[in-house]
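Peer 1: The structure under discussion is supplied below as structure tokens; questions concerning it will follow.
The values are calculated or read from the model by the stated rules, or taken from the named source; none is laboratory data. Please read all numbers here as calculations on a predicted model, not as lab measurements. In this analysis, Cβ positions are derived from the backbone assuming ideal geometry, glycine residues included, and neighbour counts consider all displayed protein chains.
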Amino acid sequence: MTQPEVTPKMSPVSFLRDVFGFDAFRPGQEEIVDAVTAGRDTLAIMPTGGGKSLCYQLPALARDGVTVVISPLIALMRDQVRGLREAGVEAGALTSGNTPEETDAVLESLREGRLKLLYMAPERLASGATVPLLQRAGTSLIAVDEAHCVSQWGHDFRPDYLRIGELKRQLGVPLAAFTATADAETREEIVQKLFGGTQPETFLRGFDRPNIHLAFAVKDSPRRQILDFAAARRGQSGIVYCGTRAKTESLAKALSEAGHSALYYHGGMEADARREAETRFQREDGLIVAATVAFGMGIDKPDIRWVAHADLPKSIEAYYQEIGRAGRDGAPSETLTLYGPDDIRYRRQQIDEGLAPPERRAADHGRLNALLGLAEALDCRRKVLLGYFGEAPGEPCGHCDLCDKPPETFDATQPVRMALSAALRTGESFGAGHLIDIVMGNETEKVRQRGHDGLPTFGVGKGHSKAQWQAIFRQIMGRDLMRPDPERHGALRMTEAARPILRGEESIVLRKDTIKSARSGPKVRAMVSEEDAPLLSALKAKRRALAEAANLPAYIIFTDRTLIEMAETKPSTLDQMARIGGVGAKKLESYGREFLAVITGAEEEVHPARRRLAGREAGSLYDRLMAAQADLHRGPDGMEKPMSCSAKELARVASAKPRDMAALERLIGPRHAERFGRAFLQLLEDSSEAS
Ligand SMILES: [Zn+2]
């Protein structure tokens, strides 16, 4: 069915500026907004963080009537509604999370024709009352978020999504579907089930997220690797994805013991506990969640500064989706993915033992291969990643670990042929450990028992160390030249891809061991220059105070990206403030003055107690005490009552430099000493050693 084109009263771009405070669209947004505003059926495949929600929010404002937004993510809907209201837009949600009063208020504004956006959980569609309600309300557009939930193959399948196609037919309105999923089968299912088989206008947009730094590292004391990564990013919100529930709990504990605010999250927790963890993560600054992949679908926190994988994700799509939760505000964000041979075996086994039909399993192996190819890449990871999604940047990105430091490579044709031959000569019945013993010529019990010391390949690979052989076998598996045999536990079988190498028709280049570079430690990128850093922290402190007072997540006030722009451009008038990205009319009115005061009065904003220390050693000590205190604001596990020392107390500590707990207690009192004492004394000790 084709829809009549609608000429909007006001252009979407004027709403973009006036309501949301942005001067320009992000790449790819405008065409989608235009198509949806004009009332054409639309399917947009765009990455999370690509500015998806604006693609239906702006058309909703530009069009008459109500736009119904269907999403499976209750927390996300509630946050979007809050965000829209903060920006001065009439929006409401009908979800199972509503109180009766909230539902009444939504229905009333719907009746009065005030509502512009109505968010709704798919379960609502099962009720017979919903269609008449939406008809009476003057629904003029349906927007479907997470449209891949209509796919019966996906693990996000929501049966109620199958009702959306019928809803569209009954209301006779255009539909705009959004998803971050890229695979062709799912796209086809969306077209069939949501659009009744009629091809909508389709946009495949911008998979690049240039603000996200990409990095992989081979596992080598993985817990230490994660702790080091987190330590270098103290105070920033992050997610650590773990392969098992048990690991989420042990890592969260280790992170807490290392002084971070950290929680764990997995599907085995009670619903209440899960919700609480989600809510805290959403609201608090600087919290780390160690989680299984169950965490994330409902999270729409734009200021997640880093995502680490303690274990290899299951496919390149999963990897992309999970790292994509970082930096949705567009500010610099970092990722680290750890992997090793056990991960590869585990993921293969998971596919082989799964219930999917054989062709699906083959496709899943292919997706895993793509991820392994990314892990073992020889140059720019972004080129490999985007290449998979059909975008081919010509230049290296300059923003991944391999661009930062190109890996050393070597012609591995000979050793790979040795490995393949050792496997073939032993009937493809053994795992990497035994095959390494054979090529290295180790006379182990197992080798002697089976007579493998008599093989022609025995000892041919003495020239490489065991660690080098492990790296070679890992890359052999990563390149899918050998695969664990699902029938024979752990045994490696050669794949077709290896044949040309074995026959000497192709050569192969591998990376030298990557473990050393993993040990060199994470590189930390500052969000702003050193000069602007104090202003940025002052702006963040102001934001935190406002958010706590209004009981809102901090980013609803302003995102990190907006604060960074403020810190860098330092607007001195409200007019200049209005030009900052993310400062719309309503927010300018609500918060403009207060943030302006922080910027223009940055000097005056400094507490007099700190100002008196300016230019002295105690001044910088004061700042470090302040930072240590912020880390412990809610206690070492992030679960306790917020607490902080006054500026005067900190100034006293910075000047007097007490050496023991008793002396510190006299300055800040026993309660504060209990919370902050150890950290403060450590800091004072470190600084006296340094000076
Ligand atoms: Zn790169």
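Peer 1: Identify, from the list 177, 137, the residue that is at pLDDT 95 or above, buried (at least 17 other Cβ atoms within 10 Å of the Cβ) and under 25 Å from residue 38 (Cβ atoms).
Peer 2: 177
Peer 1: Can I ask one more? Considering only residues that are over 17 Å from residue 324 (Cα atoms) and surrounded by 14 or more Cβ atoms within 10 Å (Cβ to Cβ), look in region 383-396 and name the one that is farthest from the ligand (Cβ to nearest atom).
Peer 2: 393
Peer 1: Could you please find all residues in region 442-467 being of a type in the set (Gly, Ala, Ser) and part of a helix (DSSP H, G or I)?
Peer 2: 454, 467
Peer 1: Going by the structure shown, is residue 329 in a loop (DSSP other than H, G, I, E, B), touching an Asp or Glu at 6+ places or on another chain (Cβ under 7 Å) and of a type in the set (D, E, K, R)?
Peer 2: Yes, satisfied.
Peer 1: How many residues, within region 257-295, are surrounded by fewer than 24 Cβ atoms within 10 Å (Cβ to Cβ) and farther than 27 Å from residue 528 by Cα?
Peer 2: 18
Peer 1: Kindly indicate whether any position in region 155-170 is closer than 23 Å to residue 294 by Cβ, touching a Leu at 6+ places or on another chain (Cβ under 8 Å) and not in a helix (DSSP H, G or I).
Peer 2: no
Peer 1: Out of region 400-420, which residues are within 16 Å of the ligand (Cβ to nearest atom), in a helix (DSSP H, G or I) and surrounded by 19 or more Cβ atoms within 10 Å (Cβ to Cβ)?
Peer 2: 401, 402
Peer 1: On the basis of being under 28 Å from the mean Cα position of the chain (by Cα), surrounded by fewer than 24 Cβ atoms within 10 Å (Cβ to Cβ) and under 18 Å from residue 164 (Cα atoms), does residue 47 make the cut?
Peer 2: no
Peer 1: What about residue 228, is it of a type in the set (Asp, Glu), closer than 20 Å to residue 309 by Cα and in contact (Cβ under 8 Å) with a residue 12 or more places away in the chain?
Peer 2: In short, yes.
Peer 1: Let me ask something else. In the set 156, 183, 228, 160, which member is within 18 Å of the chain's Cα centre (by Cα) and among the acidic types (Asp, Glu)?
Peer 2: After applying the criteria, what remains is 156.
Peer 1: Moving on. Suppose the filter is part of a loop (DSSP other than H, G, I, E, B), under 19 Å from the mean Cα position of the chain (by Cα), more than 16 Å from the ligand (Cβ to nearest atom) and within 20 Å of residue 305 (Cα to Cα); does residue 285 pass it?
Peer 2: When the stated conditions are applied, residue 285 passes them.
Peer 1: Quick check on my filter: what residues within region 638-656 are assigned to a loop (DSSP other than H, G, I, E, B) and surrounded by fewer than 17 Cβ atoms within 10 Å (Cβ to Cβ)?
Peer 2: Answer for region 638-656, where residues must be assigned to a loop (DSSP other than H, G, I, E, B) and surrounded by fewer than 17 Cβ atoms within 10 Å (Cβ to Cβ): 639, 640, 641, 642, 643, 644, 646.
Peer 1: Right, residue 150: at pLDDT 90 or above, farther than 23 Å from residue 58 by Cβ, within 34 Å of the chain's Cα centre (by Cα) and of a type in the set (A, V, I, L, M) or not?
Peer 2: The answer is yes for residue 150.
Peer 1: If I filter region 587-601 for residues that are of a type outside the set (A, V, I, L, M) and modelled with pLDDT under 85, do I get at least one hit?
Peer 2: yes
Peer 1: What pairs can you find where one residue is in region 368-394 and outside the structural domain of residue 181 (by TED's automatic domain parsing), the other is among the β-branched types (Val, Ile, Thr) and within 12 Å of the ligand (Cβ to nearest atom), and their Cβ atoms are less than 7 Å apart, with a gap of 6+ or different chains?
Peer 2: Sorted first by the residue in region 368-394, then by its partner, the pairs are 373/384; 374/384; 377/384.
Peer 1: What are the pairs, 6+ residues apart or on separate chains, where a residue within region 252-273 that is assigned by TED's automatic domain parsing to the domain that holds residue 291 has its Cβ under 7 Å from a residue that is in a helix (DSSP H, G or I) and polar (S, T, N, Q)?
Peer 2: Final answer for the pair search is 262/256; 264/248; 265/248; 266/248.
Peer 1: Just to check your reading of the model, which residue among 373, 340 is under 23 Å from the mean Cα position of the chain (by Cα) and either closer than 20 Å to residue 153 by Cα or within 16 Å of the ligand (Cβ to nearest atom) (or both)?
Peer 2: Among 373, 340, only 373 is under 23 Å from the mean Cα position of the chain (by Cα) and either closer than 20 Å to residue 153 by Cα or within 16 Å of the ligand (Cβ to nearest atom) (or both).
Peer 1: With the structure loaded, tell me whether residue 356 is closer than 25 Å to residue 238 by Cβ and either touching a residue at least 24 places away in the same chain (Cβ under 8 Å) or not in a helix (DSSP H, G or I) (or both) or whether it fails that test.
Peer 2: no
Peer 1: A further question follows. For region 195-235, what are the residues that are buried (at least 21 other Cβ atoms within 10 Å of the Cβ) and of a type in the set (S, T, N, Q)?
Peer 2: Answer for region 195-235, where residues must be buried (at least 21 other Cβ atoms within 10 Å of the Cβ) and of a type in the set (S, T, N, Q): just 225.
Peer 1: Six or more apart or on different chains, Cβ atoms under 9 Å: show the pairs whose first residue is in region 195-218 and in contact (Cβ under 8 Å) with a residue 12 or more places away in the chain and whose second is charged (D, E, K, R) and part of a strand (DSSP E or B).
Peer 2: Once the first residue is in contact (Cβ under 8 Å) with a residue 12 or more places away in the chain and sits in region 195-218, its partners that are charged (D, E, K, R) and part of a strand (DSSP E or B) give 212/334; 213/334; 214/334; 215/334.
Peer 1: Here is a follow-up. With the requirement that a residue be part of a helix (DSSP H, G or I) and touching a helix residue (DSSP H, G or I) at 6+ places or on another chain (Cβ under 7 Å), what does region 238-269 give you?
Peer 2: 251, 254, 255
Peer 1: Suppose the filter is more than 12 Å from the ligand (Cβ to nearest atom), over 30 Å from residue 331 (Cα atoms), surrounded by 21 or more Cβ atoms within 10 Å (Cβ to Cβ) and not aromatic (Phe, Trp, Tyr); does residue 424 pass it?
Peer 2: The answer is no for residue 424.
Peer 1: While we're here: Test each condition in (1) in contact (Cβ under 8 Å) with a residue 60 or more places away in the chain; (2) away from the ligand (no atom under 16 Å from the Cβ); (3) not in a helix (DSSP H, G or I) for residue 317 and report the one that comes out false.
Peer 2: (3)
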